[in-house]
Every structure is written in structure tokens, then in C-alpha cells.
Amino acid sequence: MNLYVASNAEDFAERSASFVRDRVNENPRLSLTLPTGSTPLGLYQSLRHDHDRGNFQLDRASVFMLDEYLDLPTYPRGSFVEYLRAHLGDLVFNATTKRHTMVPDESDAFMSTYDRALDDVGGIDLAIVGVGRNGHVGFNEPGSHVSLRTHAVALSSDTLNDNFADVSENERPTRAVTVGMRDLLEARTVLMLISGRAKRDVTSLLIDERVDESIPATQLLTHADLHVLVTSDTVADRVSA
């Protein structure tokens with residue numbers, strides 16, 4: 001594991017953006033996954049800024065959504081595809097970037113089609129992932145098996161409380177579809193982004209390199225090219241920036 005500690009939010013955004021830019025410059029045709037949530041917002045803002053100035057493109061890349069809600073009552077409002085469209089705009093949503101979007105479909109046919117698309121590009125070159133407070137990666141919740149590919153999952157109460165803190169239970173989704181741990185573990189490079197005090201426990205497990213089979217984030221410690229970028233408040237006094 002390669003661990004990097006960002007001194008502040010701006011440093012976190014620039015370090016993650018620099019990492020992604022370097023990988024795309026090395027291989028403009030790479031395949032990558034894009035996470036959602038608050039953690040990658042600075043990354044996306046930086047990449048979109050570069051794109052708007054003509055300095056960064058994903059027009060030859062293959063972009064895969066990492067996950068999506070299955071039963072979001074307000075869909076498409078509040079969906080992850082809407083999130084990516086809002087924060088990345090025509091960097092990804094253009095006529096040339098190969099986009100593989102997830103939809104609210106838990107049929108075997110959809111899962112197989114998504115897996116086949118991953119196979120067709122030779123697997124994931126760069127898996128960009130976030131981490132939940134309970135250690136979930138994508139929507140691979142605690143207990144997810146490493147052999148799973150694209151699959152449907154019941155969302156944990158921790159995940160729902162984190163993602164829908166101000167939303168009543170009858171307006172929350174309960175299920176999602178996600179790229180499985182098998183494809184993330186088989187990715188050529190993994191960039192894991194972690195921010196926030198609430199994620200100190202799972203970050204400590206990663207720093208100690210303690211693999212817990214029940215916690216998906218720690219399963220990635222077995223990966224040969226894992227890069228973990230954390231904010232300084234996440235590691236407290238464990239390591240210095």
C-alpha cells in the first residue's frame with residue numbers, strides 16, 4: 001500500500017487530480033471507475049477545470065459507473081448518474097467518451113451485460129473508489145465476498161444513515177447495484193480516497209495493514225498497486241502530512 005496524507009481539502013483535490021491526470025496521460029484509452037459522494041468532489045472540480053481550459057480529456061477513455069441505487073423513490077433525481085453529470089459535465093458526457101452507466105435494473109441480463117463490458121475493455125485500468133464509514137467500497141457492504149462481480153445489494157443502515165441523514169425512511173432507497181470486489185481487486189491500479197473523521201476506524205485498519213475479510217476496504221490491502229489518499233483529520237495523530 002502507498003499511503004499519502006493531504007494537508008487540507010485543496011491538497012487532497014490536487015493530489016488526487018494529479019494522480020488521475022498522470023494515469024490518463026500515460027494511457028488515454030484507459031478504463032476507469034468513478035465514485036460518488038462528497039469525497040471526490042474536489043477531484044472532479046479540478047479535472048473539470050482542466051478540461052474546460054483544454055488541458056485534460058477523457059474522450060478516448062472507457063468510464064464505468066461504480067454503483068447506482070435500485071429503488072430510489074425520486075429517480076432520476078438524486079441518482080448517481082445525475083450526480084456524475086452535474087459534477088463532470090461534458091468531460092464524461094460527450095459524444096466520444098465510452099460511458100457505461102448503471103440503471104435501476106437488478107436482472108441477470110443487466111449484470112451480465114455490465115460484466116461483459118468490463119471484460120471487453122480488458123478489465124479496469126484505474127479503479128477510483130471511496131470508502132464508507134463501515135468500510136464499504138462502491139456498494140460492496142461489509143460481508144461482501146471477493147468473488148462477486150456486478151450484483152445487487154441490500155444497503156446497510158450505516159450507509160443509509162450516512163447518505164440520507166435528512167431524508168425520511170419512506171423516501172430512502174433500500175437496494176443498489178454495484179461493481180463487485182472481484183473486478184476491483186483485479187484492477188491494474190486502485191486509487192482509494194478517504195476523508196472525514198467518521199472514517200478514522202477503517203483508516204486505522206488500513207494503516208495497520210489489517211485485512212479483515214468482512215470489511216471490503218481492507219480486502220484491497222492485498223492489491224499489488226493500491227494507493228490510498230487520506231485527509232489529515234482522518235488519520236489524526238497516526239501519521240503526518
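Just so it is clear, none of the values below were taken in a lab; they were calculated from the coordinates. Fair warning: this is a prediction, and the values are worked out from it, not measured in the lab. Note that each Cβ is placed from the backbone with ideal geometry, even for glycine, and that neighbours are counted across all protein chains shown.
Out of every Cα-Cα pair that segment 131-241 contains, those further apart than 17 angstrom amount to 55 percent.
Using 0.36 nm per residue and subtracting the Cα-Cα separation, the extra length available between Thr222 and Gln45 on full extension is 60.7 nm.
Ranking of Thr174, Thr189 by neighbouring Cβ atoms within 10 Å, starting from the fewest: Thr174, Thr189. Note on the chain: helix-only mean residue ellipticity at 222 nm, from DSSP H runs of 4+ residues weighted -39500 (n - 2.57) and normalised by residue number, equals -9500 deg cm²/dmol. The phi-based Karplus calculation (6.51 cos²θ - 1.76 cosθ + 1.60; θ = phi - 60°) puts the 3J(HN,Hα) values of segment 9-22 at 5, 5, 5, 4, 5, 6, 5, 5, 5, 4, 4, 5, 4, 4 Hz, whole numbers, x for Gly and Pro. Calculated over the chain, the projected area of the Cα convex hull averaged across directions stands at 12.2 nm². A simple spin-label model places the labels of Phe93 and Ser38 2.4 nm from each other, with each point 7 Å out along Cα-to-Cβ. With both labels modelled 7 Å from their Cα along Cα-to-Cβ, the Ala154 to Asp71 distance reads 1.0 nm. Label positions at Asn161 and Glu10, each projected 7 Å from the Cα along the C-beta direction, are separated by 3.6 nm.
Its alpha carbons considered, segment 8-110 gives a radius of gyration followed by a Dmax of 14.2, 44 Å.
A Förster distance of 30 Å, applied to the separation of the beta-carbon atoms of Asn2 and Arg53, puts the FRET efficiency at 0.55. If a spin label sat at a point 7 angstrom from the Cα of Val103 along the line to its beta carbon, the backbone N atoms of segment 144-175 nearer than 19 Å would be those of 150-153, 175. Close amide-amide hydrogen proximity is noted between Arg175 and Leu70, Asp71, Leu155, each under 5 Å apart and 5 or more residues distant or on a separate chain (H modeled in the peptide plane; Pro and chain starts excluded).
For the peptides 128-139, 40-51, 4-15, 108-119, the ranking by packing is 128-139, 40-51, 4-15, 108-119, with the highest mean count of neighbouring Cβ atoms within 10 Å listed first.
Based on Cα contacts under 8 Å between residues 6+ apart, the chain shows a relative contact order of 26 percent. Using the Cβ-Cβ distance between Asp208 and Arg175 with R0 = 30 Å, the FRET efficiency computed as 1/(1 + (r/R0)^6) comes to roughly 0.40.
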